[in-house]
Amino acid sequence: MILNSPSQIHGLLDARRFLNYGTGPGGAFGAAPNYVRTAFISSTGNDGTAVLNDPELPFNNLSAAVAALEAAYTGFSTTIRLLSTISQSLDGGLGLGLLQFGLTIRSHDATRHTLNGVVRLYGSENGGTSDLTLINVQISEVGELHPSDVTENIGTLRGDADSIIDLLTLSGSADGGVGADGGDGVDDLRSAAANGIDGDPPTQGGTGEDANSSGSSGSVGSAGHCAWNITIVGESGFEIGNLNGVGKNGGTGGDGGTGAIAVGGDGGNGGNALTPDGDGANGGSGGNANAAGGLGGDGGSGGNGSVVTITGSCTITAHNLSGGLGGSGGVGGAGGSATGGAGGAGGAGAGAGLTGSNGTPGGAQSGSGGTGNTGNAGLDGSIV
């Protein structure tokens, strides 16, 4: 259901109030209230004698009240009514089974009570999203850190005109991890190629083998965790003191590995001519040598900030919805030592025959690896 007008929002909250107060003598029809799916909590309550739906027998601890509600009403919306201010938290897995199906936290009477603690929300990493309604209550902190680099919605938060949240936490939980460093090169020393065979005609010297002792590239840093997105449905007067929905920074790329020693194989000598006036064969080319440092890995992307969608009204005093910074690129590895193989000597001609050409020396590369690229910054969030 999409709520597009203040009357629809007030209607929804009025309906929740009606259901939470119940009916019976002293209730909506002048009868005593008949509470359903409700746990009462008081600083003077007793978990050993507490009974659900009875304000005369309240619980003392949130954990006991939640356990009782989950055991009795799994799959249904439930209510927690505060008979006094308490200093406890709904955290550490507590309340997951209730928030998925709709949980209301409210003061029992006209006095606004405070829950000095954390009400943890749960998202898709726990198999569902949260549905939390606040009525005439103040809570120190609501929210959850988001443990993923994928943008996701944590659910819906509803508040009436008399409710206050001091801190709403939706930020990503961790910066991206540093990429693995590249491995260092291993010395690679190649032997000379075979010489050509004397004859008529003689054969060319063999080509020297290439040598590679370069370092490998560093890995890409992992992405920073995104902040949760959330939908807020509120009445005029619903207040949130501070909203943190910050994406975390991307991880730094891994450093490139260091080059080692590379020596290309020498080219073989050309064979000699045996017949009069025969030309000698060409010498073989020397092998190339590569001892370059490995490239630094690219930095990871920053996580996105929260997108907060408000239906109705909600006053947010301060907020930070910044996207995370992209991670720095890893440092390139230092180059090693590279020596190309020598070209083989040309074979001798016979009589007036020509001497074969010498082989071309192998190339050598031993420069440092380049620094990795900085990761993309996460997108800043917004309130819409």
Next item on the list: Working only within segment 146-166, note down all residues that are open to solvent by 20 Å² or more (accessible area, probe 1.4 Å) and out of contact with any Lys or Arg (no Cβ under 9 Å at 6 or more places or on another chain).
Entry: Pro147, Ser148, Val150, Thr151, Glu152, Asn153, Thr156, Ala161, Asp166
Item checked: Set Ala50, Ala110, Ala72: member being hydrophobic (A, V, I, L, M, F, W, C), in contact (Cβ under 8 Å) with a residue 12 or more places away in the chain, open to solvent by 40 Å² or more (accessible area, probe 1.4 Å) and in a loop (DSSP other than H, G, I, E, B) -> Ala110
Next item on the list: Just need a number here: residues in segment 120-145 that are modelled with pLDDT of 95 or more and open to solvent by less than 10 Å² (accessible area, probe 1.4 Å).
Entry: 7
Next item on the list: Looking at (1) of a type outside the set (A, V, I, L, M); (2) buried (at least 19 other Cβ atoms within 10 Å of the Cβ); (3) at pLDDT below 95, find the lone condition where Phe59 falls short.
Entry: (3)
Item checked: Selected residue (criterion: farthest from Ala273 (Cα to Cα)) from residues of segment 190-221 that are aliphatic (A, V, I, L, M) and out of contact with any strand residue (DSSP E or B) (no Cβ under 8 Å at 6 or more places or on another chain) -> Val220
Notebook entry, point to check: Is it true that Leu98 is open to solvent by less than 10 Å² (accessible area, probe 1.4 Å), assigned to a strand (DSSP E or B) and in contact with a strand residue (DSSP E or B) (Cβ under 8 Å, 6 or more places away or on another chain)?
Noted result: no
Margin query: Name the single residue that is nearest to the chain's Cα centre (by Cα) among those in segment 299-326 being farther than 10 Å from Gly247 by Cβ and of a type in the set (Gly, Ala, Ser).
Written below: Gly300
Notebook entry, point to check: Val186: open to solvent by less than 20 Å² (accessible area, probe 1.4 Å) and either small (Gly, Ala, Ser) or at pLDDT 95 or above (or both), yes or no?
Noted result: no
Next item on the list: Hey, can you tell me all the residues within segment 75-85 that are of a type in the set (A, V, I, L, M, F, W, C) and open to solvent by 10 Å² or more (accessible area, probe 1.4 Å)?
Entry: Phe76, Leu83
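The values are calculated or read from the model by the stated rules, or taken from the named source; none is laboratory data. Quantities reported herein were computed from a predicted structural model and do not represent experimental measurements. Glycine also receives a Cβ, built like all others from the backbone with ideal geometry; neighbour counts cover every protein chain displayed. The protein model used for the area step is the full one, side chains on, heavy atoms only, and it has no ligands, DNA or RNA in it. Shrake-Rupley method; radii C 1.70, N 1.55, O 1.52, S 1.80 Å.
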